[in-house]
Each structure stands twice: as C-alpha cells, then as structure tokens.
Amino acid sequence: MQSDPINFDDTATAFAHRTNGELKNSHFVFASMSKPWMVNIGTIMTTWALKVKLPVKGLIKRTLFNQFCGGESIKDCSHTINLLGDHNVQTILDYSVEGINNEDGYNDTRDEALRVVDFAATNDHIPFCVLKLSGLGSTDLMTKAQNKEKLTEIEKTKLYNVELRVDEIVKKVSDKGLMIMIDAEESWFQNFIDGVAYRMMEKYNKDRPVVYNTYQLYRHDVLDRMKRALIQAQTDGYYLGVKLVRGAYMEKERERAEEMEYESPIHPDKASVDKDYDESLRFCIEHIDKMGVCAGTHNEKSAQLLVQLMEEQGISKKDNRILFAQLLGMSDNISFKLADLGFNVAKYVPYGPVEKVLPYLFRRAEENTSIAGQSGREYMLVKKELKRRKKSA
C-alpha cells in the first residue's frame with residue numbers, strides 16, 4: 001500500500017537545527033537572492049571591495065558564507081558535521097576552492113582531497129568524498145583530448161598525471177571503506193571526465209559501488225549515456241555508481257553552443273529536464289542490484305517519486321545503495337524531513353577560505369536567482385518558520 005505524500009512544508013522539522021538568528025540570516029540571504037539586480041550588484045561590489053582590500057570579509061562570512069559553507073577548513077566544519085549528524089543527516093565535504101592552474105596547484109588540491117579522506121575515515125557522519133577534475137588538471141588539455149587534437153608529449157604527461165592524482169585519491173577512499181563522487185562539469189570536457197570515472201569504476205567497483213559518476217540531466221543525451229554505461233559496467237563486471245543532478249552550467253552551455261554554432265546539448269525546457277530526471281530515477285531503481293544511486297535533487301516531486309519507487313520495490317529506507325543529497329543551506333525541508341522519516345540523506349558541505357570560495361558562492365547566488373522560484377521557495381519556508389516560532393513563543 002502506498003503511503004501518503006510527504007509533507008515537505010513541515011518547517012518545524014526542516015529548521016529544528018537552526019537558531020532564530022540563523023533563520024533571520026537565511027531570510028535576508030534569500031530575500032536578496034530573489035532580486036537579480038541585487039545579486040549582480042553584490043557580486044561586482046564584493047569582488048571590487050576585496051580587490052582594494054576593504055574589510056568586507058566579516059560581512060560575507062556572516063551572510064552568504066554561513067548560509068552555504070561549513071567552515072574555512074576541514075576542522076572548522078566539525079560543528080556543522082556534528083549538527084547535521086545529530087539530525088541523521090550525513091555530510092559530503094567539498095573543498096570548493098578554485099585550484100591554481102599549474103601542476104603545483106593541482107597537487108595541492110590532491111593533497112587536500114587526501115586529507116579529507118583521512119578525516120572522513122574517522123567520522124561516521126561522512127560516507128562520501130567528492131572530486132572535481134578541474135581542480136586536478138588543465139581543462140584546456142581535457143578539452144583538446146576530448147576533441148582528439150594532437151597533444152605534445154608534455155601535454156600527454158600532464159593528462160596522465162590527472163589520472164594518477166585521481167587514482168591515488170580513489171585508492172585511499174576504497175581502502176578506507178568510503179565512497180567518492182566525481183562531479184560533472186562542462187560538456188566540452190565531460191567525455192574526458194567520464195573516461196576517467198569509468199576506468200576508476202572498473203578498477204575499484206568490483207565488489208561494491210565506490211566511485212560514482214555524475215549525470216547532468218539537463219543534457220538531452222545523458223539518460224541514454226547512463227543506460228549505455230550500465231551495459232558497459234555489466235559487460236566488464238563492475239557496479240555502476242550514479243549521481244543524478246539536473247545540472248549547473250545551463251546558460252554557459254547554451255551561450256557557447258550559439259557562439260560556436262553547434263547544437264546545444266541542453267534540453268529546450270524544464271519539463272524535458274524533469275521528465276529525464278524522473279525517468280533516470282525509475283531506471284536506477286529497476287537496476288538497483290547492479291548500481292549505487294545518489295539522487296542529488298532540490299525538487300520535491302522527484303524526492304517524492306524516489307520514495308514511492310522504493311516503496312513499490314520493497315526497498316528499505318536505510319538501503320545503503322540509495323542516498324538523497326542536497327546542498328548545505330538549501331532545501332532543508334527535503335533533507336531533514338526525509339532524514340526524520342529514516343531515509344539516507346546527506347548534505348554537500350563546501351568549505352575553504354572565505355575569499356577563495358567566492359566563485360562558488362557567487363554561482364550559488366546566480367543559480368538561486370535563475371532557477372524559477374528557488375529563492376522564493378526558500379524564503380517563504382524560512383518566513384513561515386519564523387512566524388511559527390514567534391506565535392508559539
């Protein structure tokens with residue numbers, strides 16, 4: 001028998017972990033994000049203020065940073081990790097600093113990723129690590145390789161080093177009994193990322209899903225790519241690790257396709273994206289015996305659908321092959337409600353020095369502005385909870 005729909009408007013559960021002061025900060029942040037002109041001006045002014053060394057770091061830390069980041073270092077994130085863990089929400093630590101684009105910078109990013117793995121191995125609340133290949137190597141070289149352009153011997157060595165860095169991290173993840181997600185990026189070097197991800201899966205996913213590749217369903221070809229990936233995984237005898245997201249580079253993708261006069265890889269409308277995302281959930285649950293699945297979604301209907309699919313197949317809420325995930329500071333109504341009901345839930349927790357995670361924070365602000373209704377939805381939920389608390393005080 002199918003259970004009743006989940007009440008994702010339950011703000012008492014969604015914000016039980018937040019103080020009134022924190023909610024008031026969220027109220028301010030999402031109210032600002034609902035106005036595109038404020039986001040644009042804020043981005044320009046903040047960048048300028050930091051450039052001329054005005055003392056604005058404290059303001060950024062109290063507002064945007066505290067909303068979307070766990071701290072400036074791994075150790076700083078302990079409070080957030082423990083707070084989430086107290087509410088049955090796990091953590092995926094994400095070093096969100098844009099790497100210095102040289103071999104030393106890439107090695108620094110690798111070393112930080114290895115430190116995260118060591119830390120995660122000591123904390124029961126951190127089952128997954130995460131990697132972004134653009135932090136471990138040149139995206140220009142990845143693009144050249146994807147386009148099958150001629151590479152010099154030095155360039156070949158640099159690309160080989162990218163895979164060596166990934167392998168070093170993934171080996172440690174596997175040895176420690178953890179799992180790792182490889183983020184999706186722009187389409188013009190995504191094939192390179194996929195290749196690395198599948199080679200890691202073939203090596204480390206023989207007995208369980210360790211490596212998860214990310215599929216951005218705003219691309220019209222990705223559902224088929226994922227289905228083909230499962231066929232290949234079965235042929236080669238390994239588990240396919242899948243993280244499903246709608247995507248983060250839509251405007252950039254469309255602009256580049258128009259500028260370079262090729263067919264845009266992006267779906268024509270949101271309805272098509274939603275359809276493919278939900279179809280991907282159905283496909284994964286149908287083949288769950290051969291897969292591990294992370295549903296990265298801020299969409300209540302998709303979260304509800306996955307719950308329904310699990311119920312229909314008699315899959316336990318605590319089945320470790322299935323994880324719901326959202327970003328820290330967003331969609332707490334989904335994360336904490338699902339966790340309260342007993343499902344496996346994790347938050348992506350970005351961290352890094354304030355001034356170095358600004359590109360990440362600006363993207364969060366722009367995405368919240370561009371996703372229809374996202375900031376407004378967050379704002380209304382926070383407002384509702386503040387009103388509820390005031391009434392019950």
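The values are calculated or read from the model by the stated rules, or taken from the named source; none is laboratory data. Computed from a prediction, not measured in an experiment: that's the story for all the values here. Heads up, the Cβs are rebuilt from the backbone with ideal geometry, glycines too, and the neighbour counts pull from every protein chain shown. For accessibility, only protein heavy atoms count, side chains too; no ligands or nucleic acids. Shrake-Rupley method; radii C 1.70, N 1.55, O 1.52, S 1.80 Å.
Beta bridges from DSSP with both residues in the chain: antiparallel share about 5 percent, rounded to the nearest 5.
Lysine pairs in the stretch 99-202 whose alpha-carbon atoms fall under 23 angstrom of each other, counting only those eight or more residues apart or on distinct chains, come to 15. Given +1 at the Cβ of Lys and Arg, -1 at the Cβ of Asp and Glu and no other charges, the dipole of the stretch 222-314 around its Cα centre is 280 debye to the nearest 20.
Per-residue Karplus couplings for the stretch 124-132, computed as 6.51 cos²θ - 1.76 cosθ + 1.60 with θ equal to phi - 60°, are listed in order as 5, 8, 10, x, 10, 10, 9, 10, 10 Hz, Gly and Pro entered as x. Heavy atoms of the protein chains alone define the surface here; on that basis the stretch 54-212 has 46 Å² accessible area per residue at 1.4 Å probe size.
What the Cα atoms of the stretch 50-155 give is an Rg and a Dmax of 17.5, 53 Å. For the stretch 185-311, the antiparallel share of DSSP beta bridges with both residues in that region comes to about 10%.
For the stretch 234-248, putting each phi into the Karplus relation 6.51 cos²θ - 1.76 cosθ + 1.60 with θ = phi - 60° gives couplings of 5, 4, 8, x, 9, 7, 8, x, 10, 10, 9, 9, 7, x, 10 Hz, in residue order, rounded to whole numbers and with x for Gly and Pro. Residue-wise HN-Hα couplings along the stretch 296-304, as the Karplus relation 6.51 cos²θ - 1.76 cosθ + 1.60 with θ = phi - 60° gives them from phi, are x, 8, 10, 9, 5, 5, 5, 4, 5 Hz; Gly and Pro carry x.
When you filter the trypsin sites (Lys or Arg not before Pro) in the stretch 57-88 for DSSP loop state and at most 16 other Cβ atoms inside 10 Å of their Cβ, nothing is left.
For a test of the definition: using alpha carbon positions, the gyration tensor, and the 1.5 limit on a/c, classify the chain as rounded, prolate or oblate. Cα axes put the chain in the rounded bin. Every helix of 4 or more DSSP H residues in the chain counts as -39500 (n - 2.57), and over all residues that averages to -17000 deg cm²/dmol at 222 nm.
Taking amide hydrogens as placed 1.01 Å from N in the peptide plane, the amide H of L327 sits under 5 Å from those of Y348, each at least 5 positions away in sequence or on another chain. How large a share of the accessible area of the chain, in percent, is made up of carbon and sulfur atoms when the probe is 1.4 Å and the other protein chains stay in place? The nonpolar share, carbon plus sulfur, comes to 52 percent.
Taking amide H as placed 1.01 Å from N in the peptide plane, the amide H of K243 sits under 5 Å from that of N213, T214, Y215, C294, each at least 5 places away or on another chain. Quick check: net charge around D167, other residues with Cβ under 14 Å of its Cβ, Lys/Arg +1 and Asp/Glu -1? With Lys, Arg at +1 and Asp, Glu at -1, the neighbours total +2. Shown here for the stretch 239-316: GluC sites (Glu not before Pro) in loop regions (DSSP other than H, G, I, E, B) with at most 11 other Cβ atoms within 10 Å, namely E261, E263.
Excluding ligands, DNA and RNA, the accessible surface per residue across the stretch 228-344 is 45 Å² with a 1.4 Å probe.
Accessible-area rank, largest first, for R199, R208: R199, R208, with all protein chains present and a 1.4 angstrom probe. Kindly provide the GluC sites (Glu not before Pro) of the stretch 137-197 that DSSP labels as loop, not H, G, I, E or B, and whose Cβ sees at most 10 other Cβ atoms within 10 Å. Within the stretch 137-197, the qualifying GluC sites (Glu not before Pro) (loop, at most 10 other Cβ atoms within 10 Å) are E149.
Residues whose amide H lies under 5 Å from that of L93, counting only those 5 or more places away or on a different chain, are V349; hydrogens are built 1.01 Å from N in the peptide plane.
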